[in-house]
Amino acid sequence: MDKKKAVLHIGDQKIDFDILSGTLGYDVIDVSSLSKHDYFTYDPGFLSTAACESKITYIDGEKGILLYRGYPIDQLAKHSTFLEVCYLLLNGELPSKEQYAEFSKAVTHHSLIHEQIRNFFNGFRRDAHPMAVMVGVVGALSAFYHDRLDIKNPEHRKTCALRLVAKMPTIAAMCYKYSIGQPFMPPQNRLSYAGNYLHMMFATPCEETVPNPVLVRALDRIFILHADHEQNASTSTVRLAGSTGANPYACISAGIGALWGPAHGGANEAVLNMLHEIGDVSKIDKFIARAKNPKDSFRLMGFGHRVYKNYDPRAKVMRETCHEVLEALGAHNDPIFKLAMALEKIALEDDYFVEKKLYPNVDFYSGITLSALGIPTNMFTVIFALARTIGWVAHWNEMISSPYRLGRPRQLYTGPTERPYVVINNRP
Ligand code: SDX
C-alpha cells in the first residue's frame, strides 16, 4: 500500500513528507528531511512533536486511556504487582511463574548498596531536600558499578536495570533515615518490594516490625501507577541524556532532576503544601479565583495535564486507593483529606476548570495517600522517582537497543545579527 503523504507548499516550493502510522494513536508526519529545504519545525514545549517511536506505553488523553505494553492501567493496578509490571515494561510481556520468580530474586539480591555510598550522605545537611540527595547519590552509582557499563552489551544493560530498580528503594529510605538522624535499615530479602521499602523507612534496630499488609498493597499500587507515562518531561530527559551515550546512572540522575519540578513529579508535594496553605474549606474560593486569574502565576496543584483532557485514569485508581488507606487507618476524618475532597468537588463543577478540561491528576490523590501512610511530604517525589525508575530504564534500554541518533534540537534565533567587537575604551 502506498505510504500516506503530507505536502507542504511554501511559495513555489512543494515539499512531500511521509505520514507514518503506529498501532494506536495519532499518525505522525516525518519532517526529518525539512532542514534540507532550509526550514525547521517550531514547537516549544513539544505540544505537537513525537520525539521517538516506542512500544512501551500508550496514552489517549481524550479518552483517558493508559496502557503499559497494551495492558490497561486499572487492570494492572488491580491484579498485578509492581515487580511484575517492572518485568512487563522492561521485557514487553508478562512473565511466566518461573520468569517472575527469577526476576524477583534478581531484584532482591541487588537491593544492597556499596558500603562506601553511606559516606555520600554525610556530605549533605540533615535538612537537605531528599531529591537533592537522590540526584547526587544515583548519579554517583556509576563510580561503584563501572564493571558492567558497556551500554551496547544487552547483558550489561540488564544488570544496570536490575541494579537501579533494586537499589532505588534502599537509597530512598536512606534519604529519609538520614534526614531524621536514625540508623539506616538494610533491605530484608524476606519482604516484598513495597514491604521492604516501608521496613527500611520506618523500622529501627530496636524492634522487629511487620509492615501493615493493607499499606504495603497500597504502596505497591502507587508504584504501579507511577511506573511509566510515555514521553513525559523526565523520561524525555533520560532519553536525551542516553542519546549521548552517557552511562545509565547519569541518565537516571538527570531524570530525577527533571521530575523534581512542581509542574511534573514535584506536584504531589506541591499539592500537600497547597492544601496546608488553603487550610480551611472557607478559603477554597479564594484559591480557585487565584488559579483562574491570568495575572496570578498560582496553579491549582494536582489539576490539569498536558495530555489528559479527560480524567487521568491513574487518578481514578489512586482515589480508590486513597479511600482504602484512610479507611484502614480510620483517618477518613483527616481534615486535609476532607479539604481535598471539597476542593475536588468545587473545581470539577467550576466552569473554568470544565472548559479548560482541568481534571485532578494522579498527583492530587497520591500526595494525600502518601501522607496518610506516614510518608513526609518532602519524600513524595522521591517515591515518584523510585517508581518511575523502571519507566526511565525501559525507555533508555529501548532506545539504546535499536538504532538511535544523538538528540540535538535546533531553534528559532531572534538574537542580534552579526556585529564587530568594540574594545571597552571605545564603548559609550
Ligand atoms: C505529572 O507528562 C506527564 O505524563 C506527567 C505525569 C507523569 O506521569 O509523568 O503525568 C506526571 O507531571 C502530572 C502533572 C502534575 N502537575 C501539576 O499538577 C501541576 C499543576 N498543573 C499545571 O501546572 C498544568 O496543568 C500542567 C503543567 C500539568 C500542564 O500544563 P500545559 O499542558 O503546559 O498547559 P498550560 O499550562 O498551557 O495550561 C493550559 C491552560 C492555561 O490557561 P490559558 O493560558 O489557556 O488561559 O490551562 C490553565 C493555564 O493557565 N491551567 C491551569 C492549571 N493547569 C493549566 N489553571 C489553573 N490551575 C492549573 N492546575
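Values computed for the structure shown
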| read-out | value |
| --- | --- |
| C-alpha long axis of helix 267-278 to longest principal axis of the chain, angle in ° | 70 degrees |
| Net length gained if the chain between Asp351 and Ile15 were fully extended (0.36 nm per residue, minus Cα distance) | 116.7 nm |
| Accessible surface, 1.4 Å probe, highest first, among residues Val281, Val165 | Val281, Val165 |
| Sum of side-chain charges, Pro169 neighbourhood, beta-carbon under 14 Å (Lys, Arg +1; Asp, Glu -1) | +3 |
| Total lysine pairs under 14 Å (Cα atoms) in region 286-428, excluding pairs fewer than 8 apart on one chain | 4 |
| Selected from Val238, Asn212, Gly195, residue furthest toward positive end of dipole (region 118-242; charges at beta carbon) | Val238 |
| Helix 97-108 axis, angle to the chain major axis (alpha carbon atoms, nearest 10°) | 80 degrees |
| Built amide H within the under 5 Å cut-off of Gly266, gap 5+ | Gly261 |
| Sequence ranges 176-184, 127-135, 237-245, 24-32, ranked by mean other-Cβ count within 10 angstrom, highest first | 237-245, 127-135, 176-184, 24-32 |
| Surface share of carbon and sulfur [accessible, 1.4 angstrom probe, percent] for the chain | 54 percent |
| Rounded accessible area of Arg290 (nearest 10 Å², 1.4 Å probe) | 80 Å² |
| Choice from Glu355, Glu93, Glu207 with maximal GNM fluctuation in the chain (Cα, 10 Å cutoff) | Glu207 |
| Residue-averaged [θ]222 nm for the chain, counting only DSSP H segments that reach four residues, each worth -39500 (n - 2.57) | -15000 deg cm²/dmol |
| Selection of chymotrypsin sites (Phe, Trp or Tyr not before Pro), region 361-421, meeting DSSP coil and at most 10 other Cβ within 10 Å | Tyr413, Tyr421 |
| Under 15 Å, Cβ to Cβ, from Ile375 - net charge with Lys/Arg +1 and Asp/Glu -1 | -2 |
| Under 20 Å from the Cα of Lys14 - lysines, other chains or at least 8 residues apart | Lys3, Lys4, Lys5, Lys36 |
| Region 1-74-region 283-302 distance, computed between alpha-carbon centres (Å) | 34 Å |
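The values are calculated or read from the model by the stated rules, or taken from the named source; none is laboratory data. Everything numeric here is computed off the predicted structure, so don't read it as measured data. Cβ coordinates were reconstructed from backbone atoms using ideal geometry, including for glycine residues, and neighbour counts include every protein chain displayed. Ligands, DNA and RNA are stripped out before the accessible areas are found, and what is left, the full protein with its side chains, is counted by its heavy atoms. Shrake-Rupley method; radii C 1.70, N 1.55, O 1.52, S 1.80 Å.
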